[in-house]
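Worksheet: one structure, shown below.
The values are calculated or read from the model by the stated rules, or taken from the named source; none is laboratory data. Values in this document were obtained by computation on a predicted structure and should not be read as measured data. In this analysis, Cβ positions are derived from the backbone assuming ideal geometry, glycine residues included, and neighbour counts consider all displayed protein chains. We work out accessible area using only protein heavy atoms, side chains counted, and drop any ligands, DNA or RNA first. Shrake-Rupley method; radii C 1.70, N 1.55, O 1.52, S 1.80 Å.
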Amino acid sequence: MPNTVFSPSIESRPTYAGLAPRPGAPAIMVADEAGAAAVTHLATVDATAMAKAHVVLVGAPAETSDALAALSPAAVQTVPDLDTATPIVEQLLSQARMGTQLFLAGSEGLMGHISAIALASGMALEDIQMEHRGSIARRMQCVHCKGITDGVTTDPFTCSHCGLTLFVRDHFSRRLGAFQGVCVDAETPGDIPATEEIRP
Amino acid sequence: MTKLALKVAAVEQLTPLVKRFRFEDPTGAPLPVFSGGAHITVEMPNGDTIRRNSYSLISDPYDPSGYEIAVRREDTGRGGSSHMHSAVAEGDTITVSVPANLFQLDLRARKHVLIGGGIGITPFLSQLRQLDREQKPYELHYAARSRAEAAGIALLPEAAHIHVHISDEGNRMDLGAILDGQPLGTHVYTCGPEGLIAAVADQAARLGWPKSAVHSEAFTAPPPGAPFEVTIASSGQIVPVKADQSLLEALEAAGVEIDYSCRGGACGRCETAVTACDGQIEHNDHWLSADERAAQKKIMPCMSRFKGTRLELDL
Ligand code: FES
């Protein structure tokens, strides 16, 4: 399964160009189980990709981390979820030198969350490469209570913090790494459209 | 462009070639504050015309009590700097533009590396004060061939993260060593000769730095050259451009209205369409793209010159 092609939308909706080789560059790679395939593909097109790469695998089974370890990266670490990945990535970024590339592969939630951390630590947008793989679930911020709900696959959805029913908007905040969710029944409470699966 | 009539409050000879000028409001009123890297345009009467040169402000951006500039005398130049050196004295009135900035610090950076050569240190002096005030980590490297050529040294404060490299004394500036291993989020700024700017950009690219982290001082003084003529399309008027005059200055002297800001080929304000061109435009600006230069349909009069038989401007 290749990089997901999303339907055209507003300018703030992120697009993911895929992972392109930057031969010889030191790299931080963060991927989930589906995204690991994009990293493996990068390693097959660029034999130098892994030698200086620190890989953080999020919520992937042992077979996936074994497969990546077989590509002999500088280091590979497996963590259960994004919350555990966060301090590790922050630590890697704080020690990174200019010229370091960030490769993100997997869900939009993972890419949005990690790229926001990288931008805040001074990394340039042009040094962040992303490839969407796997679930099209979104990481959503409720514009009303500001709470983040991850893994959203339906529109509308229920905010996991305040319980409002929210529309899935394409409006994306780079700083937060999340899409915006807006109350669907603010004008006429209780008037809620039918729930649909979100589409790419 | 908003102008200020100021009093020359102090003139100080810093080195045999460099003078510092301080301008204040004649009534002591506060001046508009600026940001590190900003410049002003100074007007100098020159016979019955006015010469205007842009200079970086070197004083504290947050201090509204005065503006300071440093001027290096260029005896082969177009006369602006020698006018400042020979004709401007304490107590004179001088007209300057309000500050504008084409060389701002990117304050999202986590660290700033400033690299200067020759007199190419002036925009950094106000930036240093801003960086100190904002408590941002930085280092400054200043390079010159010999101490005699290092006009900027007299302007630099002494500080641990300010490094002077004099190649005659055996410590030539090593750009690779300076740029390699800088922490993520570092931005580099270069001011000085074209060769230095290109060498820094080159080294940064080789180390994989993103382009958005590499900045350089955008404007330079217009170079002198052979005299030429331009034709004004609307009136048929022929305007001669002297060897030590820029096209912009010649148009101003001839009473042709034209917009400007930086007078150094960086801001784009003076861009003028070319309606006929039989010859070669010498593009000296940093504004037009390579394709636009080749097409010869646009010219930046503040910097660029012409060799050929006919150049007609859409003015
Ligand atoms: S006045 Fe700024 S480019 Fe000419």
**Request:** Nearest 100 Å² is fine: how much accessible area is buried between B and A, summed over both sides, with a 1.4 Å probe?
**Result:** 1100
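Kindly state, to the nearest 0.05, the FRET efficiency for A:Asp46 paired with B:Asp132, given R0 = 41 Å and r defined as their beta-carbon distance. Mind dumping the intermediate values first?
Numbers: r = 43 Å, r/R0 = 1.05.
In this case the efficiency is close to 0.40.
Give me the tail of P(r) for the protein assembly as shown as a percent: Cα-Cα pairs with distance above 28 Å. Intermediate values should be presented prior to the final figure.
On the way: 85630 of 132355 pairs.
So the pairs more than 28 Å apart make up 65 percent of the total in the protein assembly as shown.
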**Item:** Residues whose placed amide H lies under 5 Å from that of B:Ser216, excluding near-sequence neighbours
**Value:** B:Thr190
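Once the convex hull of the C-alpha atoms of the stretch A:53-200 is built, how many Å³ does it hold per residue, rounded to a whole number? Don't skip to the end; give the middle numbers.
Working: hull volume 17.8 nm³, N = 148.
Considering the Cα atoms of the stretch A:53-200, their hull volume per residue is 120 Å³.
Accessible area per residue, 1.4 Å probe, Å², for the protein assembly as shown: what's the number?
Working: 23130 Å² over 515 residues.
Value returned for the protein assembly as shown: 45 Å² of accessible area per residue.
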**Request:** Using a cut-off of 11 Å between beta-carbons, work out the net charge of the residues near B:Ala233 (Lys and Arg +1, Asp and Glu -1, B:Ala233 not included).
**Result:** -2
**Prompt:** Hey, what did chain A get for relative contact order, percent, Cα under 8 Å, at least 6 apart?
**Reply:** 21
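Which values, in whole Å and largest first, are the semi-axes of the equivalent ellipsoid of the stretch B:161-241 obtained as the square root of 5 times each eigenvalue of the Cα gyration tensor? Kindly include the intermediate steps, with their values, before the conclusion.
Values: eigenvalues 316, 65, 19 Å².
Values for the stretch B:161-241, descending: 40, 18, 10 Å.
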**Distance between the stretch A:118-172 and the stretch B:207-286 - C-alpha centres, whole angstrom** = 49
**Request:** Write down, largest first, the equivalent ellipsoid semi-axes of the stretch A:89-165 in whole Å, where each equals the square root of 5 times an eigenvalue of the alpha-carbon gyration tensor.
**Result:** 28, 15, 8
**Asked** In the protein assembly as shown, what percentage of the DSSP-assigned beta bridges are antiparallel, given to the nearest 5?
**Response** 55
**Asked** At q = 0.30 Å⁻¹, what is the log10 ratio I(q)/I(0) for the stretch A:138-197, with the Debye formula run over Cα points and no solvent?
**Response** -1.35
**Diffusion constant of chain B at 10 °C, which comes from Stokes-Einstein with the Kirkwood Cα-pair radius and 1.306 mPa s, µm²/s** = 77
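Accessible area of the stretch B:135-224 with a 1.4 Å probe: how many percent of it is carbon plus sulfur? Could the numbers behind the result be given before it?
Numbers: 2220 of 4320 Å².
Carbon with sulfur: 52 percent of the solvent-accessible area.
Over all residues in B:200-212, what is the mean tally of Cβ atoms on other chains that come within 10 Å of each residue's Cβ? List each step's numbers first, then the result.
On the way: counts 0, 0, 0, 0, 2, 1, 1, 4, 10, 4, 9, 2, 4.
Per residue, the average neighbour count from other chains is 3.
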**Request:** Would you mind checking which residues have amide H under 5 Å from A:Gln77's amide H? H placed 1.01 Å from N; only 5 or more apart, or other chain.
**Result:** A:Val55, A:Val56, A:Leu57
**Prompt:** What longest region of chain B stays clear of GluC sites (Glu not before Pro) that DSSP places outside H, G, I, E and B and that have at most 11 other Cβ atoms within 10 Å?
**Reply:** B:1-157
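Can you tell me how the stretch B:1-156 classifies by the Cα gyration tensor, rounded, prolate or oblate, using a/c under 1.5 as the rounded cut? Provide the component values of the computation, followed by the final result.
Details: a/c = 1.95, a/b = 1.25, b/c = 1.56.
Judged from the Cα gyration tensor, the stretch B:1-156 comes out oblate (a/c at least 1.5, b/c at or above a/b).
Using the Cα atoms of the stretch A:27-132 to build a convex hull, what is its mean projected area in square nanometres?
5.7
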**Fill in**
Between B:Ser234 and A:Thr86, Cβ-based FRET efficiency (R0 51 Å, step 0.05) works out to 0.20
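Below 9 angstrom from the Cβ of A:Glu108, what's the summed charge of the other residues (Lys, Arg +1; Asp, Glu -1)? The partial results should precede the final answer.
On the way: positive: A:Arg138, A:Arg139; negative: none.
Spelling it out: positives minus negatives among the neighbours equals +2.
Relative contact order, percent, of the stretch B:142-192 when contacts are C-alpha pairs under 8 Å separated by at least 6 residues? Let's see the in-between values first.
Details: 30 pairs, mean separation 17.9, N = 51.
The normalised contact order for the stretch B:142-192 reaches 35 percent.
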**Prompt:** What is the stretch B:158-315 by shape, rounded, prolate or oblate, if you read a ≥ b ≥ c off the alpha carbon gyration tensor as root eigenvalues and call it rounded for a/c under 1.5, prolate for a/b larger than b/c, and oblate otherwise?
**Reply:** prolate
**Message:** With no other cysteine's Cβ closer than 4.7 Å, which Cys residues of chain A count as lacking a disulfide-compatible partner?
**Reply:** A:Cys183
**Asked** Does any residue of the stretch A:68-113 lose at least 40 Å² of accessible area with all protein chains in place compared with its chain alone, and if so which ones (probe 1.4 Å)?
**Response** A:Arg97, A:Met98
**Message:** Among B:Cys302, A:Ala31, A:His144, whose Cα projects farthest towards the positive end of the dipole of the protein assembly as shown, with charges put on the beta-carbon of Lys, Arg (+1) and Asp, Glu (-1)?
**Reply:** B:Cys302
**Item:** Theoretical FRET efficiency, 1/(1+(r/R0)^6), r = Cβ-Cβ of B:Ile94 and B:Ala243, R0 25 Å, to 0.05
**Value:** 0.45
**Prompt:** In debye, nearest 20: dipole of the protein assembly as shown around its Cα centre with unit charges on the Cβ of K, R (+) and D, E (-)?
**Reply:** 760
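Working from the alpha-carbon coordinates of the stretch B:228-313, get Rg over Rh, Rh being the Kirkwood radius. Intermediate results must be reported in sequence, preceding the final value.
Working: Rg = 11.6 Å, Rh = 12.7 Å.
Result: Rg/Rh = 0.91.
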**Item:** In Å, descending, principal axis extents of the Cα set of the stretch B:214-268
**Value:** 44, 23, 15
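Can you pull the mean other chain C-beta count within 10 Å for peptide A:123-132? Let's see the in-between values first.
Details: counts 5, 10, 2, 4, 6, 1, 0, 0, 0, 0.
Average per residue, whole number: 3.
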**Complete:** The alpha-carbon center of the stretch B:22-84 and that of the stretch B:117-185 are separated, in whole Å, by 23
**Prompt:** For chain A, the longest stretch holding no trypsin sites (Lys or Arg not before Pro) located in a DSSP loop with at most 12 other Cβ atoms within 10 Å is which?
**Reply:** A:1-145
